[in-house]
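The values are calculated or read from the model by the stated rules, or taken from the named source; none is laboratory data. Because the structure is predicted, anything quoted here is derived from the model rather than measured. Every residue, glycine as well, gets a Cβ built from its backbone with ideal geometry; the counts of neighbours run over all protein chains shown.
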Amino acid sequence: MSEMLEGYDLDRLTIATLASHSSLQIVHGARKEGLGTLLVVTEDRAWFYEQFKHLVDRAVVVERWRDLCSERVVRALRESSAVLVPHGSFVEYVGLDCATGVPVPIFGLRSLLAVEADQHAKMELLRKSGVPTPESFPPGSDAGRPVIVKLPGAKGGRGYFVASSGREVLRGLEEAVRRGDISSASEAMVQEYLVGVTAYVHYFYSPVLDRLEITGADVRYESDVDGLRRMPLRVLAELGLEPTFTVVGNLPLVLRESLLPVVYEYGMRFLKTTRELLPPGIIGPFCLEGVIDREARIRVFEFSGRIVAGTNLYLDGSPYSYLYWDEPMSVGRRIAREVRLARERGALERVLT
Amino acid sequence: MSEMLEGYDLDRLTIATLASHSSLQIVHGARKEGLGTLLVVTEDRAWFYEQFKHLVDRAVVVERWRDLCSERVVRALRESSAVLVPHGSFVEYVGLDCATGVPVPIFGLRSLLAVEADQHAKMELLRKSGVPTPESFPPGSDAGRPVIVKLPGAKGGRGYFVASSGREVLRGLEEAVRRGDISSASEAMVQEYLVGVTAYVHYFYSPVLDRLEITGADVRYESDVDGLRRMPLRVLAELGLEPTFTVVGNLPLVLRESLLPVVYEYGMRFLKTTRELLPPGIIGPFCLEGVIDREARIRVFEFSGRIVAGTNLYLDGSPYSYLYWDEPMSVGRRIAREVRLARERGALERVLT
Amino acid sequence: MSEMLEGYDLDRLTIATLASHSSLQIVHGARKEGLGTLLVVTEDRAWFYEQFKHLVDRAVVVERWRDLCSERVVRALRESSAVLVPHGSFVEYVGLDCATGVPVPIFGLRSLLAVEADQHAKMELLRKSGVPTPESFPPGSDAGRPVIVKLPGAKGGRGYFVASSGREVLRGLEEAVRRGDISSASEAMVQEYLVGVTAYVHYFYSPVLDRLEITGADVRYESDVDGLRRMPLRVLAELGLEPTFTVVGNLPLVLRESLLPVVYEYGMRFLKTTRELLPPGIIGPFCLEGVIDREARIRVFEFSGRIVAGTNLYLDGSPYSYLYWDEPMSVGRRIAREVRLARERGALERVLT
């Protein structure tokens, strides 16, 4: 890290991110904390982010997202003493190699990016944490109950489908192979379909304060699964539409207070496991994504090792953030605050990788 | 406009509106900006608005809403140097003639009221804007797919129904004629039923700053369509209930950031088209109401040319408003701010019609 | 009450509650108002609430919740000049005898706790208030329409079921007897299944200001009824799952402004009736829980005579609270504010029982 920070003017640190996902929240928060802000933006979106130039000190326009790792962009970032904040579009946009290799300090745990990009490694990390997870099945077998099939590289929920028999799974996977979405059925992940309601719990681990904070919760708003249920039954039955799970937005949620110790403990377990297996362990924001069943038990079917889009709901603070901070504290701002606190204590290497 | 403002004391401008829809937000915002506040209120509701007398400088009680255009009420408004803020109940309550003819300055584009009151003109304006819209069909024809049928004058979603064949459309319309809701089937509008999720995006165009702001987004909470889906399938099937779409409230929403450039562009297109066809074009708040499908494509099935009730969610600011303003900025307050800014710059005629 | 306050140091009043439900909100609000804070917490949760020690002056750890009424805990509470704030877990956790008998002043109407614990007395109080309620049926009879069956002691929505015939009701009740959930079918309450959408409206009655405030509204997020609707129809039909109503969280809601006078009037009627039948009548927060149908008519199927978990959404104020208060005002803070106002006016006996 000390090499990575070579030539950096620590008094003029700049928060940098790709112009997408939660970037407006991130620059808004950085500005509140008095840090510089930089957006890497593609040409087709530059006009839009121009609207928010009062929040952005510098925009670096690129032809393709992968240009993040070009010499020109890296130089621009390093000149600005930039700290990169990865978000949900980061690896998707620039690719895993660029994401893990870019010679610019990253706020967060760089080694987690590769785990997150691999569905199976991801579930494995959750299971090792001792967090309750759904059962997994080999793509061919009959689970004897409904399952959800997740294709690798499915982005934002697209490419998921629900099946109620092994035969249905195979039929769906064959179609996916035919469409070219996957090259072999074995690439898919087949999980028990959890009956209950989904909840996405946002956490922030502060290495500086050595404190895990719950920063919010949300429910994803997905097309068309959240729309189909509004169709008259006879029309829906007639059309025989299978739901899809494309995330188009987020709805705010608070959990029953009696669930908080449970989700907090799951967050702690996950943190602990990343410390053991991927030292120094998670830094900053992450999310556990679960289903809560009729007995109010939670099972976690996925995690995000960085800021999630659901935090965009809480640009002015969440019902949870106000329990920790007596001022509006978005996760974007919380990131910048952590960088500032780390700088003040000469501990930047504890939050950057 | 200079005639309309004759006799006005510009130092004591008053924001006036009908006591309904978003009026509490509007007077709350006006008070924050130091403007006067006036509510026109019917006798049966006066006791309720009395609870908020700390926000209301003057209440003008009327027997019927249409009395807005009576000599007495117009005099009271003009004496108070009032600027009328139209909202979703405005035309519905006072009628189109009074709404467009009332000799009191209106904040917003007065000529848009007539377009908004006519379902067909409304869709036409959207189409001319180059915003993607659902397909329309003549009431008799068979669309070959599910459609939603909208009766003219249907208020707050009442009187909509879904049909899956031309025959069903006709049967529904015949019933509507029998009930006296319409006089002829040809009055109805038949639109492709868009499969996906609904989203209502709130905009504010500031003529003073020449800036289009996204001020929020919401999902409508509708009875009984949002309730039927909670019934056990066998009970719902047994009852054979057709959903209705009466709006009873609103739920907050944030959109995926990658959708923002798209909705922003649609907002710009709509603004541009109103400038060309209804000069000087839209002023202040409006809303595009769309369905987002599984490919995350948006089609707009309706617009509102004024403040929408969904903005009531954001009385203390929205996740979007904080990107523009470093203080709580509801749309009600934004309206008052625009009036204040216009007054300071001697440009009231740019925001009043 | 004067006896109850004997030995109390009124300058050092402490807000005390059980560490669950809305306790974080309650201590957060008390701290904002400069009052002391105390949590009674079970051993297994103490570590969690430890995270919020910056909000909690004193934690009294107990083995079982019922120890609230032990000499040790009562002494600790009285030493701290504690005012107990009951919430939705209060009676459930400590039992009715302890709840109504604990020799510590309670913020709220103590005599309402017993009414709230008895499903039939609860509905009776609503009916006496002249608030529209669903029809009730004897457990054996055939209602001729879908009904919802509520088992006594069903907590957080567990143990409710929907039935569409008298025979189904009986079958469900027989099962409940067999499971040991009830000892006889006659214990259950059978209510008309209201078709529409649910809404939970939060109120606060201030004896000090003699003012009823609307403080918010929410929709409950329930497992698995809110999840089943997301399953593909064929899978749902195949599984034949009956929905359950376990509350796992809350979603924010604003109501159409035209519904506010209606819900406000219902709140007033309820307040008036508690004044007549349970003097001095309701104090502080309560909630009316209703279904709004396609004609936008509201029927109330339940009430809560104390703070509800839905208020946790509004730790930094709600769209309604800002109409009354020009600062963030959660219901937790509102309680503390009322205690403070009462103390300043020497009127504590008007808010404590």
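Every listed requirement among (1) away from chain A (no Cβ under 12 Å); (2) in contact with a Gly (Cβ under 9 Å, 6 or more places away or on another chain); (3) at pLDDT 95 or above is met by B:VAL201 save one, (1). Of the residues making up the range B:113-160, those that are over 21 Å from B:ILE298 (Cα atoms), in contact with a helix residue (DSSP H, G or I) (Cβ under 8 Å, 6 or more places away or on another chain) and modelled with pLDDT under 90 are B:PRO139, B:GLY140, B:SER141, B:ASP142, B:LEU151, B:PRO152, B:LYS155, B:GLY159. With the condition kept exactly as written, say whether any residue in the range A:337-353 is crowded, with 18+ Cβ neighbours inside 10 Å and within 16 Å of the chain's Cα centre (by Cα). Scanning the range A:337-353 turns up no residue that is crowded, with 18+ Cβ neighbours inside 10 Å and within 16 Å of the chain's Cα centre (by Cα).
In the range B:225-261, the residue that is surrounded by the most Cβ atoms within 10 Å (Cβ to Cβ) out of those that are part of a loop (DSSP other than H, G, I, E, B) and more than 7 Å from chain A (Cβ to nearest Cβ) is B:MET231. Residues that are within 30 Å of B:ASP326 (Cβ to Cβ) number at least 2 in the following strands (runs of 3 or more DSSP E) confined to the range B:179-224: B:197-206, B:211-224.
State the number of residues belonging to the range B:321-330 that are facing chain A (nearest Cβ under 8 Å) and out of contact with any Asp or Glu (no Cβ under 7 Å at 6 or more places or on another chain). Residues flagged as facing chain A (nearest Cβ under 8 Å) and out of contact with any Asp or Glu (no Cβ under 7 Å at 6 or more places or on another chain) within the range B:321-330 amount to 1.
If you filter the range B:38-47 down to residues that are in a helix (DSSP H, G or I) and of a type outside the set (A, V, I, L, M, F, W, C), you find that the one that is nearest to C:GLU257 (Cα to Cα) is B:ARG45.
Kindly provide the set of residues from the range C:1-37 that are among the small types (Gly, Ala, Ser) and either in contact (Cβ under 8 Å) with a residue 60 or more places away in the chain or part of a strand (DSSP E or B) (or both), ordered by number. Listed by number, the residues that qualify are C:SER2, C:GLY7, C:ALA16, C:SER20, C:SER22, C:SER23, C:GLY29, C:ALA30, C:GLY34, C:GLY36.
Counting residues in the range C:296-314 that are in contact with an Asp or Glu (Cβ under 8 Å, 6 or more places away or on another chain), small (Gly, Ala, Ser), within 13 Å of chain B (Cβ to nearest Cβ) and part of a loop (DSSP other than H, G, I, E, B) gives zero. Would it be correct to say that C:ALA76 is over 30 Å from C:PHE137 (Cβ atoms) and among the small types (Gly, Ala, Ser)? Answer is yes for this residue. Suppose the filter is crowded, with 24+ Cβ neighbours inside 10 Å and closer than 19 Å to B:ARG350 by Cβ; does B:ILE26 pass it? So B:ILE26 does not fit the description; no. For the range A:194-210, filtered to residues that are farther than 21 Å from A:VAL300 by Cα and touching a residue at least 24 places away in the same chain (Cβ under 8 Å), the residue that is surrounded by the fewest Cβ atoms within 10 Å (Cβ to Cβ) is A:LEU209.
One residue stands out in the range C:262-290 among those that are in a strand (DSSP E or B) and not aromatic (Phe, Trp, Tyr): the one that is nearest to the other protein chains (Cβ to nearest Cβ), namely C:GLY290. Between B:LYS32, B:LYS53, the distinction of being out of contact with any His (no Cβ under 8 Å at 6 or more places or on another chain) and surrounded by fewer than 19 Cβ atoms within 10 Å (Cβ to Cβ) belongs to B:LYS53 only. Is it fair to say C:GLU349 is outside the structural domain of C:GLY216 (by TED's automatic domain parsing), in a helix (DSSP H, G or I) and not hydroxyl-bearing (Ser, Thr, Tyr)? For C:GLU349, the condition - outside the structural domain of C:GLY216 (by TED's automatic domain parsing), in a helix (DSSP H, G or I) and not hydroxyl-bearing (Ser, Thr, Tyr) - is met. A:THR311 satisfies every condition listed in (1) over 20 Å from A:LEU209 (Cβ atoms); (2) in contact with a His (Cβ under 6 Å, 6 or more places away or on another chain) except (1).
Considering the range C:274-333, the residues that are free of Cβ contacts under 8 Å to residues at least 40 places away in the same chain and under 30 Å from C:VAL190 (Cβ atoms) include one that is farthest from the chain's Cα centre (by Cα), namely C:GLU295. Only one of the numbered conditions (1) within 26 Å of the chain's Cα centre (by Cα); (2) crowded, with 18+ Cβ neighbours inside 10 Å; (3) among the hydrophobic types (A, V, I, L, M, F, W, C) is violated by B:ALA121, and that is (2).
The condition of being at the interface with chain A (Cβ under 9 Å from one of its Cβ atoms), in contact with a Gly (Cβ under 9 Å, 6 or more places away or on another chain) and not charged (D, E, K, R) holds for B:LEU194.
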